[in-house]
Structure formats: C-alpha cells, structure tokens
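Heads up, the thing below is written out as structure tokens.
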Amino acid sequence: MKKIGLTLGGGGARGFAHLAVLEVFDELGVKPSYISGTSIGAIIGALYAAGNSAAGIHEMVSGIFGPPKKNGIKKILKPTENFKFIELFDPHLSLKPKGLIKGEKLLNFLYEKIGVSTFEELEIPLKTVATDFWRNEQVVFSSGELLPAIRASMAIPYVFTPICMDDRVLVDGGLVNNVPLDLLSSQCDIRIAVDVMGESSKPKTKVPNPIEAVFHTYEVMMSTIADEKLAANPVDIFLRIPLVDAELLDFHKTELIYNQGLAVKGEFKRQLTKLIENNHPIFNWLRRR
C-alpha cells in the first residue's frame, strides 16, 4: 500500500470543508500515513488521526454548531440545543486581556473527543504548526503533549490568548505556514494538500471596514505564504476548495461550508483513486532527487 501524506490548511470555521475530503479516504478504505495541519487543520487532523471517521467528526461538529434538530420555541430558547458552541468559548475577563477567549473549555472538549493526550498515542503520525510570536519563527510539534500544541496552533492573535511554553509565546501557525505541506515525510508516495481560505464575493472596488481590513490582511499574508510553499514543495494533489463568503469566525455556517466543500469531492476521489492505482505518482522523482 502506498504511503499517503495529507496536509490540512488553516482557515477558522472554513476548516469544516476538510470533512468532505476526509470522507473520500473513508469511502476508498484508505488512510493517510502522515498528516500535517495548522489551526483548524490541526484540530480536524488530530480528530482523524485519533481514529475518528469523517462521518463521526461531522456528527460531532453538527451537534455543536448546527441548527437544532427540532423546531419550536422551547428548542429555540434552550442553549443546550442551539448554542452549544458558546459554552466552549470562555471569555478572558481582565482589564488587560491577552485575548478575547482563553480557550481552556475548548481544550477540555477536544481532550474528551480525541481521547488521547500525546502525539505518540495517535493512530496516524501528526505534525502541527504554531508561531513563536516574538522570534517570528515556525514551531513544529510532533511528539509530547498533544492538546497544548493544538491550542497553540489555533491561537489567532487577540481572538484566543497565546500559549506560553518554555520560553516561547505561541500563536496561530497560520502566520508562518498555513498549509504546511512541506512538513510531510519524504517517504510519502502520494502527497495531498488542502487549502480552505476561500474568497469573498464582495466587489473588488469596495473599501474595507476596519474589521475587514484586519482579517483580510491576515488572510492575504497566509495565502501568499501558502503559494510560495507550494511552488517550492510540489504535491500530487492540491485542493483549493471554492469557499465563498465564509469568514474565519463563521462557525454558525457549518453546514454551508461543508456543502461547499462537497464541490471538490468527486474529482478528488477520481484523482486519488488514479494515483493509488498508478505505480509512479507525478512528483515522486522531484522529491527523491
């Protein structure tokens, strides 16, 4: 069996589109041999590497962020039915907050769902990326405690409080490597990377408001770095999922994002099947020169 490397890019709520890609692996009855991920890609990657199916992760995500299963005023007003995700976001109440959300509740929730506490316990080897804020450099985790590494990888500056580890202040890995395809093992026969940054349908002549200016500047930087990484590290399949009008924090659009992700599923399944059956993946000669 060929070794498959899979990279899941960051993008906040847009990362739910990764589930459509993971469904293909389950349907073909194959598993990646290595996974790398940043931010939401690190979270989804850890859940999958721990042995959860794409359908299982989808069900879990829908239970938190999806609409209530039943209609009626009682259901609408019942937080446990409608706003479970709010319970996972613990505000950092301080006169000098280091971030809007501490992230401890989300960390505890992930521990419960992932079911393991170290990288070594995962069924599939995983690498996650964070950013050393003051040293302006990438920090890669692949061993030791899993949850602090994931928490650091998703710490969008000022949205989530940073993680202090050893002598480092760690924030979202998207600042330095949003689609960490360069971290996949050279032993991979097939390499796949998934970018979920998407685009906006707003007129290109529109002057951004302050919030749009901050978030989109961040996204321009991440996309530029991802393009440079891809040029220097070719992969066999690069999926740029055509997400439209899904923002980093649009967690209420879970199903819309997932459904947009389905747009690439059929073609990806065809390409992956062909590569698995082909004895000579396209870029193997480049990687093993």
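Computed from the coordinates by the stated procedures, all read-outs in this text should not be read as laboratory data. These numbers come from a predicted model, not from an experiment. Cβ placement follows ideal geometry from the backbone for every residue including glycine, while neighbour counts extend to all protein chains displayed.
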- Note on the structure: Computed for region 159-289: size of charge dipole around the Cα centre, +1 on C-beta of each Lys and Arg, -1 on C-beta of each Asp and Glu, debye to nearest 20, value 520
- Query: Looking only at Cα atoms, what is the convex hull volume of region 145-289 per residue, in Å³?
  - Reply: 160
- Item | Charge context of D132, other residues only, Cβ under 14 angstrom, K/R +1, D/E -1 | -2
- Note on the structure: A student applying the Cα gyration tensor rule (rounded when a/c is under 1.5; otherwise prolate if a/b is larger than b/c, oblate if not) would label region 181-258 prolate
- Message: Please report the projected area of region 215-255's Cα convex hull averaged over all directions, in nm².
- Response: 3.8
- Query: Between Y158 and N108, how many nm apart are label points set 7 Å from Cα along the C-beta direction?
  - Reply: 2.9
- Given region 128-204, what whole percent of its Cα pairs are spread farther than 16 Å? 56
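Scaled to the compact-protein estimate 2.2 N^0.38 Å, what is the alpha-carbon radius of gyration of region 103-168, rounded to two decimal places?
Rg over 2.2 N^0.38 Å, computed on Cα atoms: 1.10.
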- Task: Starting from the Cα of K202, draw a straight line to each of the aspartates and glutamates and keep only those under 13 Å, dropping any in the same chain fewer than 8 residues away.
- Result: E212, D245, E247
- Give a residue-ordered list of calculated ³J(HN,Hα) values for region 225-235 (Karplus: 6.51 cos²θ - 1.76 cosθ + 1.60, θ = phi - 60°; whole Hz; x for Gly, Pro). 5, 4, 5, 5, 4, 5, 5, 8, 9, x, 10
